[in-house]
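Note sheet for the following structure.
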Amino acid sequence: MSYDARFKVWRGDADGGGLQDYTVEVNEGEVVLDIIHRLQATQAPDLAVRWNCKAGKCGSCSAEVNGRPRLLCMTRMSTFEESQTITVTPLRTFPVQRDLVTDVSFNYQKAREVQAFTPPEDLQPGDYRMQQVDVQRSQEFRKCIECFLCQDVCHVVRDHEDNKQAFAGPRFLMRVAELDMHPLDTADRRPAAREQHGLGYCNITKCCTEVCPEHIKITDNALIPLKERVVDRHYDPVVWLGSKIRRRKD
Amino acid sequence: MTDAERPQGREGLDAESPERHEYDVIVIGAGGAGLRAAIEAREQGLRTAVICKSLFGKAHTVMAEGGIAASMGNANAKDSWQVHFRDTLRGGKFLNNPRMAELHAKEAPQRVWELETYGALFDRTKDGRISQRNFGGHEYPRLAHVGDRTGLELIRTLQQKIVSLQQQDRRETGDYESRLRVFAELTVTDILKDASGAVSGAVGYWRETGRFVHFSAPAIVLATGGIGKSFKVTSNSWEYTGDGHALALRAGAALINMEFIQFHPTGMVWPPSVKGILVTESVRGDGGVLRNSDGKRFMFDYVPDVFRGQYADSEEEADRWYEDPENNKRPPELLPRDEVARAINSEVKEGRGSPHGGVFLDVSTRLPAEEIIRRLPSMHHQFKELADVDITAEPMEVGPTCHYVMGGVEVDADTAATAVPGLYAAGEVAGGMHGSNRLGGNSLSDLLVFGRRAGLGAAEYVAGLGGSRPSTSEADVLAALETALAPYREADENPYALHSEMQQKMNDLVGIIRREGEVREALEVLDELDERAKNVGVQGGRAFNPGWHLALDLRNMLAVCRCVAMAALERTESRGGHTREDFPGMDPKWRGVNLVCTLEGDGGIALRHQPVPEIRQDLLELFERTELAKYLTEGELARRDGPGAAQQSDDGSGA
C-alpha cells in the first residue's frame, strides 16, 4: 500500500528561495498535509506550514498543489499517479513569510473595512424573528472558512498588486452580499460595495467559485446578485453583459 | 524584514530587547471563551489584547458541530434553566461545581440571544425563532445550531463583533487598535508576577519571526482550550497542547479533575490519517443509530442503572421518540458520551467491531438522502472527501476519540478568578463546570457564559487596583526568554519523535479504560520523557520554525500528562470520563472529592484531595430523592432531608 513519492516543496523566505526535492513515503488514505508533516518529522524539522484542524474546517493550510490553490488537508494523495511529482508552493497572491506560510494580513485589513452588521436600534436580544427561507441565502456565505483560496485565485489581485488597494476580493464582497441579504440588517451597502470594495473589478470569471472548498456559489449567489442590486444605482458593463449571456442560455 | 532583524536560534538574545506592550488585560486564546472575554473586557472600558496561537478565526471552536445548549424553550416550552441544570449534573455524575452549572444554565439563553445582535444566523423554527435540536443527555431539544457547523458560526460571529468594536474605536480615536488589538500567531510561554505574587504580565514569541514580546498587564484571562494533542487519537487541532493548564500551574494556580477526559464516542477510524476526526453527535440526535458487525443496535444492552427509566427499552419505542417525545423514552444512542464511548469500546473488544476497528453509525437507512445533506452537510462532505464514503447510502465507521478535558484550572464560579491575583480562566481550560463528563452542546454555552464572566471579573479586579499596577523584574523577563530558547542546544533528541511517543503512550496507558499497572507505567514513561525533553535540540532559525514551537509545547504537554496520570491513579472508582477497569463501580464517597494538582517548589506535581463544593439545598430539591440516592452518600442524603437543611438554601456561594 505504501510507496515513495517525489515532492518538490518551495523553501525560502521574503528574500528568496526555490523548490527543493524530497522523496517521501506515502500510505493509503493520506492527504498532502500528512506528507508535509512526515517531511517535518523525518527530513525537514523547520519546514514551515500553517495548519490547525486537519479536517477542512478551519481553512489554515491553504497552499498551491501543482499550481492549483488547495487545502493541503483535503487534497488526497490518491488523486495523483504514484509516478507523478507533486509540487507544493505557497499562495502566490500574498507575500511569503517562510516556506509554505504567507502573510495573509491583506484579508484581515479588508475584513475591517466592511461595515459591521447593523441591526434595528430598538430590537432587543431574544426578539429577533427571521424565517429559515430568509436566512438561508446569507447562511450559505457564512459557511466560508476563510481559507482565502478565492482571494488567492482571483486574477484581479493575483496578477495585479496595484489593485489590492481598491479591491476587497471575492471573500469580502461576499461578506457585503451576506450582510445585504441579512433579513434584519438596516444599512444600505450598495454605495460602499461599488466605491470602497471595488465590486466593479469583478468580471465574474468564477475562478473563486471553482476553488472554494466549501462549494459556495460565490459568483452566482453572492457577487452577481450584489452587482444587480448595485446596478439599480449605477451602470456596470459586466452586469449588462452577464444579463445578456444568461438570457441567451434560457 | 531583513536578515539582520530576523533572529537565528540563540544568536542575539542579549542585544535583542523584546517588543513591549502595555494593556489592562491580556486574553490568551482566541476561541469562543477568549473572544467573549475580550469583548466584555473592552466593553467594560479596559484596553484589551487578544493573543491567538493561530490566525484570528481559526481557533478550535470552529470544529464544534452540534450546537449551543440553552434552555430557550423554543422547541419545547417545558424547558427551563432548572431542567438544564439537572441534565448537566446528571451528565457530570454530580461532581460538577454546582454554582458553575447553575450560572451556566441560567445565563446561556441570554448569551445565545446576544449572538444574534452580533449578526449570528441560526437555523430557525417555523415561527421564526432559533431552532433547537436534540442531543445526548439533554431532556428537551435544546441546542441552537447552524446545520452541523455551529462552532464556525460562533467563532465568526465573535470575530466580527470584535471587528465592529474596532470600527467603533476607529470612529472615536482614529485607530482600529486603540482599545482592542488582536495579536495573531503569537504564543505565550510564561506568565510573569510581581514580588507579591500578583500577575504583572506575560512573555511570548511571534511565530512568524521568532521575536520575543513582553506584555505588561495586571490581569490575564486564560482561554487556551484543551490538551487533546497529548493523545494519539484525538479530534483536537494542533493548538491543543495544554498551554493554559501549564501556564496556570507554573504561575501557582491549581488544576482540578484532570483525570476526567472525554473520549467522544464517534470519531472517524478510517483512513488512518484522519483517525480521530470528529463525527458530530447530531448524527445520532437526528436519528442515526449505532450497530455492531452483527447488525445489532447494541446500545440497548448498555443503559446503566442510574439512567434506567429515562431511556427506551426497545427499538420500536426509541424510534417513536423522534416523532413523539412526550409519550416515549429516548433512544440509548443518546446516552451521555462517556456511556456510549465505553459501549463502543466493549463491542470492538469483544470482536463485534467494524473492519477498521470501530462500529457502524448509520443514518442512511434512517433519513432520506436530501434530508441528510441538509441537516448534516459537513459530515456528508467530510466522509465523501476524506474516506470515499457516501453517508446517504452507507454507514460510517466510528470509534472513540480524545475530545475534551473536563479538568482544568480551579476558578471561582462567579468571577472566573484563580488563586493567583489577576489570573482568570474560562472555557475548556477551566475546571469544575462539567464535573466528570460534559454533555454535548454544553461547551459552546460554557465558553460564552464564563468567557463573559472572566472579562467582567478581570475588569473589576483592574478597577480595584486603582493607579498602582504590579511590576515585573527584568531578571524574570530574561529568565523566561532563556527558558524559551533552551531547545536551541547542541543535542539530538527529535521533538517530533518525542511527541509521537508521548501520544502513543498516553493513548495506550491512560486512555479510555485505565488499570493501575498501566497508569503506573505511564508515570514511569513520563519520567523518562521528561529527561529526554531536556535533550531536545532544534535546528534552523527562529522564523516560523515548527520544530522549535513543538519543543516548547512539549514542556506544557508533559506537565499536563503527569497531572492526568497522577489523578487517574488516585481515583479508585469509575465515573464519567474516568474508567478504571480494576474499580468499575461509581462510589458515592468519591463523589464529594476533587483531586487537585499544584506545582511544588522542586518542579514536581503535588496531588491532594479537596471537597467538591456543596450543592445548595434548593438545587438539590430539583431532583427526586430516589435519583440522589444513586449518587450521594447516606450522610449527604440525611443532610438533605434533615431539619437544618432549610438554612443552607440562603448560601449563594455554593462553595
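Considering the stretch B:461-547, the qualifying helices (runs of 4 or more DSSP H), each wholly inside and each with 2 or more residues that are more than 30 Å from B:G267 (Cα to Cα) and open to solvent by 40 Å² or more (accessible area, probe 1.4 Å), run over B:474-485, B:516-533. Look at (1) open to solvent by less than 20 Å² (accessible area, probe 1.4 Å); (2) in a helix (DSSP H, G or I); (3) of a type outside the set (F, W, Y) and you find that B:R555 fails only one, number (1). Tell me yes or no: at least one residue of the stretch B:210-217 is assigned to a loop (DSSP other than H, G, I, E, B), in contact (Cβ under 8 Å) with a residue 60 or more places away in the chain and either under 27 Å from B:G66 (Cα atoms) or within 12 Å of another protein chain (Cβ to nearest Cβ) (or both). Within the stretch B:210-217, one or more residues are assigned to a loop (DSSP other than H, G, I, E, B), in contact (Cβ under 8 Å) with a residue 60 or more places away in the chain and either under 27 Å from B:G66 (Cα atoms) or within 12 Å of another protein chain (Cβ to nearest Cβ) (or both).
For every residue, the table says whether it meets (1) over 30 Å from B:L192 (Cα atoms); (2) without any contact (Cβ under 8 Å) to a residue 24 or more places away in the chain; (3) open to solvent by 40 Å² or more (accessible area, probe 1.4 Å); (4) over 22 Å from the mean Cα position of the chain (by Cα).
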site: B:L247; (1), (2), (3), (4): no, no, no, no
site: B:I256; (1), (2), (3), (4): no, no, no, no
site: B:D305; (1), (2), (3), (4): yes, no, yes, yes
site: B:G309; (1), (2), (3), (4): yes, yes, yes, yes
site: B:D319; (1), (2), (3), (4): yes, yes, yes, yes
site: B:Y322; (1), (2), (3), (4): yes, no, yes, yes
site: B:P336; (1), (2), (3), (4): yes, no, no, no
site: B:E347; (1), (2), (3), (4): yes, no, no, yes
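Taking the numbered list (1) within 10 Å of another protein chain (Cβ to nearest Cβ); (2) in contact (Cβ under 8 Å) with a residue 60 or more places away in the chain; (3) at positive phi in turn, B:R156 passes all entries but (3). Quick check on B:R99: is it touching a strand residue (DSSP E or B) at 6+ places or on another chain (Cβ under 8 Å), away from chain A (no Cβ under 14 Å) and either among the acidic types (D, E) or open to solvent by 20 Å² or more (accessible area, probe 1.4 Å) (or both)? When the stated conditions are applied, B:R99 does not pass them. Filtering the stretch B:384-418 to residues that are touching a residue at least 40 places away in the same chain (Cβ under 8 Å) and assigned to a helix (DSSP H, G or I) leaves B:L386, B:A387. Checked across the stretch A:77-90, the condition of being buried (at least 18 other Cβ atoms within 10 Å of the Cβ), within 12 Å of chain B (Cβ to nearest Cβ) and at negative phi holds for at least one residue. Among (1) away from chain A (no Cβ under 13 Å); (2) open to solvent by 10 Å² or more (accessible area, probe 1.4 Å); (3) out of contact with any strand residue (DSSP E or B) (no Cβ under 7 Å at 6 or more places or on another chain); (4) not aliphatic (A, V, I, L, M), there is one condition B:K229 misses while meeting the rest; what is its number? Result: B:K229 passes all but (1). Cβ-Cβ distances below 7 Å connect the following pairs, each with a first residue in the stretch A:210-226 that is more than 14 Å from A:R171 (Cβ to Cβ), a second residue that is assigned to a loop (DSSP other than H, G, I, E, B), and a separation of six or more residues or different chains: A:I224/A:I204. Check B:Y140 against each of (1) part of a loop (DSSP other than H, G, I, E, B); (2) facing chain A (nearest Cβ under 9 Å); (3) out of contact with any helix residue (DSSP H, G or I) (no Cβ under 6 Å at 6 or more places or on another chain) and name the one condition it does not meet. Here B:Y140 clears every test but (2). Of the residues in the stretch A:128-140, at least one is under 30 Å from B:R111 (Cβ atoms), part of a loop (DSSP other than H, G, I, E, B), open to solvent by 40 Å² or more (accessible area, probe 1.4 Å) and within 11 Å of chain B (Cβ to nearest Cβ).
No other residue among B:F263, B:F300 is touching a His at 6+ places or on another chain (Cβ under 7 Å), open to solvent by 10 Å² or more (accessible area, probe 1.4 Å), under 23 Å from B:G351 (Cβ atoms) and in contact (Cβ under 8 Å) with a residue 24 or more places away in the chain apart from B:F263.
With the condition kept exactly as written, say whether any residue in the stretch B:310-327 is assigned to a helix (DSSP H, G or I) and in contact with a Ser or Thr (Cβ under 6 Å, 6 or more places away or on another chain). Checked the stretch B:310-327: no residue is assigned to a helix (DSSP H, G or I) and in contact with a Ser or Thr (Cβ under 6 Å, 6 or more places away or on another chain).
Residues checked against (1) crowded, with 20+ Cβ neighbours inside 10 Å; (2) part of a loop (DSSP other than H, G, I, E, B):
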position	(1), (2)
B:T117	no, no
B:R156	yes, no
B:S178	no, yes
B:I191	yes, no
B:G197	no, yes
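The set of residues in the stretch A:91-127 that are in contact (Cβ under 8 Å) with a residue 60 or more places away in the chain, in contact with an Asp or Glu (Cβ under 6 Å, 6 or more places away or on another chain) and more than 11 Å from chain B (Cβ to nearest Cβ) comprises A:L91, A:T93.
Scanning the stretch A:176-189 for residues that are of a type outside the set (S, T, N, Q) and open to solvent by 20 Å² or more (accessible area, probe 1.4 Å) yields A:D180, A:M181, A:P183, A:L184, A:D185, A:A187, A:D188. Hey, any hits in the stretch B:373-381 for a residue that's in a helix (DSSP H, G or I), buried (at least 20 other Cβ atoms within 10 Å of the Cβ), charged (D, E, K, R) and away from chain A (no Cβ under 14 Å)? Scanning the stretch B:373-381 turns up no residue that is in a helix (DSSP H, G or I), buried (at least 20 other Cβ atoms within 10 Å of the Cβ), charged (D, E, K, R) and away from chain A (no Cβ under 14 Å). Residue count for the stretch A:190-202 under the criterion of being open to solvent by 70 Å² or more (accessible area, probe 1.4 Å) and part of a loop (DSSP other than H, G, I, E, B): the result is 1.
The values are calculated or read from the model by the stated rules, or taken from the named source; none is laboratory data. For clarity, every value in this text was computed on a predicted model and none was experimentally measured. Here the Cβ is made from the backbone with ideal geometry for all residues, glycine too, and neighbour counts use every protein chain on show. Keep in mind that these areas ignore ligands, DNA and RNA; they rest on the heavy atoms of the full protein, side chains included. Shrake-Rupley method; radii C 1.70, N 1.55, O 1.52, S 1.80 Å.
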